[in-house]
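Have a look at the structure below, then the notes.
The values are calculated or read from the model by the stated rules, or taken from the named source; none is laboratory data. Please read all numbers here as calculations on a predicted model, not as lab measurements. Quick reminder, even Gly has a Cβ in these numbers, built from the backbone with ideal geometry, and neighbours come from all protein chains shown.
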Amino acid sequence: MKKLLISILPFAIFLAVYSCKKGEVVQDVKSLGTGTYLKLVTQGNTIIDYANLNTSTISQTVSKYGDAVKTVVTYVTKGNVTLDKSKWKKIKEYPYSENLKLDIKATEIATALGIPPASLETGATYSIYNQAVGEDGRIFDISNINGGFAGNPNYSMAFTWAAVVVCPYNPTGFAGNFKVELDEWADYGVGEIVTVDATTANSLTMTVYPKPGVGTNRKPVVVNIDPATGAATVASQIYGDYPGFDTNLKVKTVGSNNWVFTCVGTISLRLNHTGAANWGDYTLRLKKM
(Lines give C-alpha, C1' and ligand atoms only; values in the text may rest on other atoms or scores of the structure.)
Protein backbone atom coordinates (compact mmCIF):
# COMPACT_ATOMS: atom_id res chain seq x y z
CA MET A 1 0.00 0.00 0.00
CA LYS A 2 2.84 2.40 0.82
CA LYS A 3 4.50 1.81 -2.57
CA LEU A 4 1.20 2.42 -4.29
CA LEU A 5 0.74 5.75 -2.56
CA ILE A 6 4.28 6.82 -3.45
CA SER A 7 3.70 5.96 -7.11
CA ILE A 8 0.37 7.80 -7.26
CA LEU A 9 1.49 10.97 -5.49
CA PRO A 10 3.46 12.59 -8.39
CA PHE A 11 0.52 11.95 -10.73
CA ALA A 12 -1.89 13.49 -8.24
CA ILE A 13 0.32 16.57 -7.93
CA PHE A 14 0.48 16.81 -11.72
CA LEU A 15 -3.33 16.79 -11.94
CA ALA A 16 -3.63 19.40 -9.22
CA VAL A 17 -1.16 21.75 -10.93
CA TYR A 18 -2.24 21.33 -14.53
CA SER A 19 -5.99 20.88 -14.26
CA CYS A 20 -6.34 24.67 -13.96
CA LYS A 21 -5.58 26.80 -16.98
CA LYS A 22 -3.91 30.19 -16.90
CA GLY A 23 -6.35 32.90 -15.97
CA GLU A 24 -8.85 30.57 -14.20
CA VAL A 25 -9.95 31.54 -10.70
CA VAL A 26 -9.58 28.78 -8.16
CA GLN A 27 -12.49 28.69 -5.72
CA ASP A 28 -11.67 29.91 -2.22
CA VAL A 29 -11.95 26.93 0.15
CA LYS A 30 -13.68 29.19 2.68
CA SER A 31 -16.63 29.45 0.32
CA LEU A 32 -17.17 25.70 0.45
CA GLY A 33 -18.51 25.90 3.99
CA THR A 34 -17.83 23.63 6.94
CA GLY A 35 -19.86 21.18 8.93
CA THR A 36 -20.08 19.58 12.33
CA TYR A 37 -20.01 16.26 14.06
CA LEU A 38 -20.80 14.97 17.52
CA LYS A 39 -17.83 13.96 19.61
CA LEU A 40 -17.95 11.40 22.41
CA VAL A 41 -17.19 12.90 25.84
CA THR A 42 -18.22 9.99 28.07
CA GLN A 43 -19.86 6.66 27.35
CA GLY A 44 -22.33 5.84 30.09
CA ASN A 45 -24.32 2.68 30.74
CA THR A 46 -25.29 0.64 27.68
CA ILE A 47 -27.02 -2.23 29.48
CA ILE A 48 -30.83 -2.44 29.57
CA ASP A 49 -31.89 -4.51 32.57
CA TYR A 50 -34.89 -6.58 31.53
CA ALA A 51 -35.73 -7.24 35.18
CA ASN A 52 -36.15 -3.46 35.75
CA LEU A 53 -37.44 -2.09 32.46
CA ASN A 54 -39.35 0.80 34.04
CA THR A 55 -36.19 2.27 35.59
CA SER A 56 -33.40 1.07 33.29
CA THR A 57 -31.62 3.92 31.46
CA ILE A 58 -28.73 4.12 29.00
CA SER A 59 -26.65 7.25 28.47
CA GLN A 60 -23.94 8.96 26.48
CA THR A 61 -22.40 12.44 26.80
CA VAL A 62 -21.47 14.33 23.62
CA SER A 63 -20.25 17.70 22.40
CA LYS A 64 -20.23 19.20 18.92
CA TYR A 65 -17.13 19.86 16.87
CA GLY A 66 -17.55 22.43 14.13
CA ASP A 67 -20.50 24.63 13.30
CA ALA A 68 -23.24 25.57 15.74
CA VAL A 69 -25.78 22.89 16.67
CA LYS A 70 -29.35 23.65 17.67
CA THR A 71 -30.65 20.22 18.66
CA VAL A 72 -29.57 16.59 18.92
CA VAL A 73 -32.16 14.01 17.86
CA THR A 74 -31.91 10.35 18.88
CA TYR A 75 -33.28 7.38 16.93
CA VAL A 76 -33.25 3.61 17.37
CA THR A 77 -33.39 0.39 15.35
CA LYS A 78 -33.24 -3.19 16.48
CA GLY A 79 -30.06 -4.99 15.38
CA ASN A 80 -26.96 -3.65 13.71
CA VAL A 81 -26.47 -0.10 12.44
CA THR A 82 -28.27 0.66 9.17
CA LEU A 83 -27.87 3.67 6.90
CA ASP A 84 -31.47 3.27 5.71
CA LYS A 85 -33.04 6.16 7.61
CA SER A 86 -36.56 4.96 6.78
CA LYS A 87 -35.97 2.28 9.42
CA TRP A 88 -34.90 4.72 12.12
CA LYS A 89 -37.49 5.33 14.85
CA LYS A 90 -37.31 8.65 16.64
CA ILE A 91 -36.83 8.51 20.41
CA LYS A 92 -36.58 12.19 21.37
CA GLU A 93 -34.60 15.38 20.84
CA TYR A 94 -32.52 17.58 23.11
CA PRO A 95 -31.66 21.31 22.96
CA TYR A 96 -27.93 21.39 22.38
CA SER A 97 -25.48 22.35 25.12
CA GLU A 98 -21.82 21.54 25.65
CA ASN A 99 -21.28 18.15 27.30
CA LEU A 100 -24.86 17.19 26.53
CA LYS A 101 -25.94 14.04 28.35
CA LEU A 102 -28.27 11.84 26.35
CA ASP A 103 -30.35 9.86 28.84
CA ILE A 104 -32.63 7.30 27.21
CA LYS A 105 -35.02 5.10 29.15
CA ALA A 106 -35.80 1.54 28.12
CA THR A 107 -39.46 2.51 28.05
CA GLU A 108 -38.68 5.33 25.57
CA ILE A 109 -36.91 2.88 23.26
CA ALA A 110 -39.93 0.58 23.38
CA THR A 111 -42.30 3.48 22.68
CA ALA A 112 -40.22 4.56 19.68
CA LEU A 113 -40.35 1.00 18.30
CA GLY A 114 -44.10 0.80 18.89
CA ILE A 115 -43.90 -2.14 21.29
CA PRO A 116 -44.57 -2.66 25.00
CA PRO A 117 -41.41 -2.64 27.13
CA ALA A 118 -41.77 -6.37 27.84
CA SER A 119 -41.32 -6.99 24.10
CA LEU A 120 -37.75 -5.72 24.21
CA GLU A 121 -35.81 -8.87 23.44
CA THR A 122 -33.26 -10.24 25.90
CA GLY A 123 -29.93 -10.75 24.20
CA ALA A 124 -30.82 -8.34 21.40
CA THR A 125 -28.81 -5.28 20.44
CA TYR A 126 -30.54 -1.96 19.80
CA SER A 127 -28.62 0.60 17.74
CA ILE A 128 -28.92 4.23 18.80
CA TYR A 129 -28.35 7.08 16.30
CA ASN A 130 -27.40 10.65 17.29
CA GLN A 131 -28.31 13.30 14.73
CA ALA A 132 -26.97 16.87 14.92
CA VAL A 133 -29.29 19.57 13.58
CA GLY A 134 -27.43 22.81 12.90
CA GLU A 135 -28.60 26.34 13.68
CA ASP A 136 -28.91 26.76 9.91
CA GLY A 137 -31.07 23.64 9.55
CA ARG A 138 -28.39 21.38 8.10
CA ILE A 139 -28.44 17.80 9.37
CA PHE A 140 -25.41 15.67 10.17
CA ASP A 141 -25.63 11.98 11.05
CA ILE A 142 -24.05 8.62 10.19
CA SER A 143 -25.88 8.52 6.85
CA ASN A 144 -24.08 11.55 5.40
CA ILE A 145 -20.69 11.38 7.08
CA ASN A 146 -17.79 9.71 5.30
CA GLY A 147 -17.46 6.21 6.74
CA GLY A 148 -13.69 6.52 6.91
CA PHE A 149 -13.99 9.48 9.25
CA ALA A 150 -16.84 8.02 11.29
CA GLY A 151 -14.83 4.88 12.05
CA ASN A 152 -11.55 6.66 12.76
CA PRO A 153 -10.87 6.59 16.53
CA ASN A 154 -8.87 9.83 16.28
CA TYR A 155 -12.14 11.73 15.77
CA SER A 156 -14.13 10.01 18.57
CA MET A 157 -17.33 10.51 16.58
CA ALA A 158 -20.54 9.77 18.44
CA PHE A 159 -23.15 9.29 15.74
CA THR A 160 -24.00 5.70 16.70
CA TRP A 161 -23.86 3.55 19.82
CA ALA A 162 -25.57 0.39 20.99
CA ALA A 163 -27.50 -1.00 23.93
CA VAL A 164 -28.06 -4.66 24.77
CA VAL A 165 -30.97 -6.06 26.77
CA VAL A 166 -29.87 -8.37 29.58
CA CYS A 167 -31.03 -9.45 32.99
CA PRO A 168 -29.00 -10.25 36.12
CA TYR A 169 -28.52 -13.91 36.89
CA ASN A 170 -30.61 -15.21 39.79
CA PRO A 171 -29.87 -18.89 40.46
CA THR A 172 -32.67 -19.36 42.98
CA GLY A 173 -35.08 -22.00 41.68
CA PHE A 174 -33.50 -22.07 38.23
CA ALA A 175 -32.39 -25.70 38.33
CA GLY A 176 -34.92 -28.18 36.98
CA ASN A 177 -36.53 -29.20 33.71
CA PHE A 178 -36.21 -27.26 30.47
CA LYS A 179 -37.87 -27.73 27.10
CA VAL A 180 -35.67 -27.81 24.03
CA GLU A 181 -36.56 -24.96 21.66
CA LEU A 182 -33.64 -25.58 19.30
CA ASP A 183 -30.87 -28.19 19.12
CA GLU A 184 -28.83 -27.83 15.95
CA TRP A 185 -26.59 -30.69 17.11
CA ALA A 186 -29.77 -32.76 16.57
CA ASP A 187 -29.69 -35.06 19.59
CA TYR A 188 -33.06 -33.64 20.68
CA GLY A 189 -36.25 -32.60 18.97
CA VAL A 190 -38.23 -29.48 19.81
CA GLY A 191 -40.18 -29.94 23.05
CA GLU A 192 -38.03 -32.70 24.50
CA ILE A 193 -36.88 -32.28 28.10
CA VAL A 194 -33.38 -31.75 29.50
CA THR A 195 -32.32 -30.95 33.05
CA VAL A 196 -30.25 -28.27 34.70
CA ASP A 197 -28.74 -30.23 37.58
CA ALA A 198 -27.55 -27.45 39.89
CA THR A 199 -26.79 -23.74 40.14
CA THR A 200 -24.35 -21.54 42.05
CA ALA A 201 -24.08 -17.77 42.35
CA ASN A 202 -22.24 -17.58 38.99
CA SER A 203 -22.73 -20.91 37.22
CA LEU A 204 -25.00 -23.79 36.40
CA THR A 205 -24.35 -27.45 35.68
CA MET A 206 -26.35 -29.44 33.16
CA THR A 207 -26.07 -32.90 31.62
CA VAL A 208 -27.40 -32.58 28.09
CA TYR A 209 -25.17 -34.40 25.61
CA PRO A 210 -25.14 -37.10 24.50
CA LYS A 211 -28.86 -37.76 24.65
CA PRO A 212 -29.61 -40.88 26.70
CA GLY A 213 -29.77 -43.87 24.35
CA VAL A 214 -27.78 -42.02 21.69
CA GLY A 215 -24.42 -41.80 23.46
CA THR A 216 -22.61 -43.00 26.56
CA ASN A 217 -20.35 -41.74 29.36
CA ARG A 218 -22.47 -38.62 29.78
CA LYS A 219 -20.72 -35.94 31.81
CA PRO A 220 -22.10 -32.70 33.28
CA VAL A 221 -21.06 -29.44 31.65
CA VAL A 222 -20.42 -26.30 33.70
CA VAL A 223 -21.73 -23.01 32.30
CA ASN A 224 -20.11 -19.93 33.84
CA ILE A 225 -22.33 -16.87 34.05
CA ASP A 226 -21.69 -13.16 34.62
CA PRO A 227 -24.16 -12.43 37.46
CA ALA A 228 -24.62 -8.81 36.33
CA THR A 229 -25.62 -9.52 32.73
CA GLY A 230 -26.32 -13.23 32.23
CA ALA A 231 -23.50 -13.54 29.68
CA ALA A 232 -22.46 -17.20 29.57
CA THR A 233 -19.26 -19.08 28.75
CA VAL A 234 -18.44 -22.76 28.59
CA ALA A 235 -14.75 -23.65 28.84
CA SER A 236 -13.68 -26.62 26.73
CA GLN A 237 -14.66 -29.81 28.56
CA ILE A 238 -15.44 -33.44 27.75
CA TYR A 239 -19.13 -34.34 27.74
CA GLY A 240 -19.33 -37.93 26.44
CA ASP A 241 -19.02 -40.54 23.71
CA TYR A 242 -20.95 -41.53 20.60
CA PRO A 243 -20.14 -45.23 19.96
CA GLY A 244 -19.18 -45.78 16.35
CA PHE A 245 -18.79 -42.06 15.75
CA ASP A 246 -16.34 -40.44 18.17
CA THR A 247 -15.28 -40.52 21.81
CA ASN A 248 -14.31 -37.94 24.41
CA LEU A 249 -16.16 -35.21 22.61
CA LYS A 250 -15.62 -31.73 24.02
CA VAL A 251 -17.81 -28.66 23.93
CA LYS A 252 -17.15 -24.93 24.41
CA THR A 253 -18.97 -21.68 23.67
CA VAL A 254 -18.03 -19.60 20.64
CA GLY A 255 -18.96 -16.04 19.71
CA SER A 256 -20.55 -13.43 21.96
CA ASN A 257 -24.22 -14.42 21.79
CA ASN A 258 -24.33 -16.81 24.76
CA TRP A 259 -26.80 -16.00 27.51
CA VAL A 260 -28.57 -17.36 30.58
CA PHE A 261 -31.55 -15.15 31.35
CA THR A 262 -33.25 -16.27 34.52
CA CYS A 263 -35.79 -13.43 34.32
CA VAL A 264 -37.38 -15.06 31.28
CA GLY A 265 -36.16 -18.62 31.92
CA THR A 266 -33.96 -19.07 28.84
CA ILE A 267 -30.57 -20.58 28.08
CA SER A 268 -29.03 -19.89 24.66
CA LEU A 269 -25.56 -21.22 23.81
CA ARG A 270 -23.55 -21.42 20.60
CA LEU A 271 -21.43 -24.53 21.13
CA ASN A 272 -18.43 -25.87 19.27
CA HIS A 273 -18.15 -29.68 19.32
CA THR A 274 -14.74 -31.33 18.91
CA GLY A 275 -13.29 -34.82 19.22
CA ALA A 276 -11.07 -36.56 16.72
CA ALA A 277 -12.10 -33.68 14.46
CA ASN A 278 -13.77 -30.29 14.76
CA TRP A 279 -17.44 -31.08 14.18
CA GLY A 280 -18.57 -27.47 13.98
CA ASP A 281 -20.71 -24.91 15.85
CA TYR A 282 -24.34 -25.53 16.82
CA THR A 283 -26.91 -23.56 18.81
CA LEU A 284 -28.70 -24.99 21.83
CA ARG A 285 -31.70 -23.04 23.13
CA LEU A 286 -33.69 -24.10 26.20
CA LYS A 287 -36.77 -22.72 27.99
CA LYS A 288 -37.58 -23.25 31.69
CA MET A 289 -40.73 -25.25 32.32
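Consider segment 131-176 and keep the residues that are over 30 Å from residue 119 (Cα atoms) and among the aliphatic types (A, V, I, L, M). The one that is surrounded by the fewest Cβ atoms within 10 Å (Cβ to Cβ) is 139.
For every residue, the table says whether it meets (1) among the aromatic types (Phe, Trp, Tyr); (2) modelled with pLDDT under 95; (3) touching a helix residue (DSSP H, G or I) at 6+ places or on another chain (Cβ under 6 Å); (4) under 23 Å from residue 83 (Cβ atoms).
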position	(1), (2), (3), (4)
128	no, no, no, yes
133	no, no, no, yes
158	no, yes, no, yes
167	no, yes, yes, no
171	no, no, no, no
185	yes, no, no, no
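Of all residues in segment 267-279, exactly one satisfies the criterion of being of a type in the set (Ser, Thr, Tyr) and over 15 Å from residue 208 (Cβ atoms), namely 274. For segment 104-123, indicate whether the set of residues that are among the acidic types (Asp, Glu), within 30 Å of residue 66 (Cα to Cα) and modelled with pLDDT of 95 or more is non-empty. Yes; the residues of segment 104-123 include at least one that is among the acidic types (Asp, Glu), within 30 Å of residue 66 (Cα to Cα) and modelled with pLDDT of 95 or more. At pLDDT 95 or above, within 16 Å of residue 142 (Cα to Cα) and in a strand (DSSP E or B): does that describe residue 41? The answer is no for residue 41.
Taking residues in segment 248-273 that are not assigned by TED's automatic domain parsing to the domain that holds residue 236, and partners anywhere that are charged (D, E, K, R) and modelled with pLDDT of 95 or more, not one pair has Cβ atoms closer than 8 Å while being at least 6 places apart or on different chains. Do the conditions hold for residue 192, that is, is it exposed (fewer than 15 other Cβ atoms within 10 Å of the Cβ) and touching a residue at least 24 places away in the same chain (Cβ under 8 Å)? Answer is no for this residue. The single residue among 12, 51 that is assigned by TED's automatic domain parsing to the domain that holds residue 103, small (Gly, Ala, Ser) and either over 27 Å from residue 138 (Cβ atoms) or modelled with pLDDT under 95 (or both) turns out to be 51. Considering only residues in segment 46-56 that are hydroxyl-bearing (Ser, Thr, Tyr) and surrounded by fewer than 17 Cβ atoms within 10 Å (Cβ to Cβ), the one that is farthest from residue 131 (Cα to Cα) turns out to be 55.
For the residues 77, 111, the requirement of being of a type outside the set (Gly, Ala, Ser), surrounded by 15 or more Cβ atoms within 10 Å (Cβ to Cβ), outside the structural domain of residue 264 (by TED's automatic domain parsing) and in contact (Cβ under 8 Å) with a residue 40 or more places away in the chain singles out 77. With respect to (1) touching an Asp or Glu at 6+ places or on another chain (Cβ under 7 Å); (2) in contact (Cβ under 8 Å) with a residue 40 or more places away in the chain, the lone exception for residue 217 is condition (2). Take the conditions surrounded by 14 or more Cβ atoms within 10 Å (Cβ to Cβ) and on the phi > 0 side of the Ramachandran plot and apply them to residue 123. Does it pass? The answer is yes for residue 123. Residues in segment 220-263 that are touching a Lys or Arg at 6+ places or on another chain (Cβ under 7 Å) and among the aliphatic types (A, V, I, L, M): 4 in all. Restricting attention to segment 220-245, the residues that are crowded, with 16+ Cβ neighbours inside 10 Å and in contact with a Gly (Cβ under 8 Å, 6 or more places away or on another chain) total 3.
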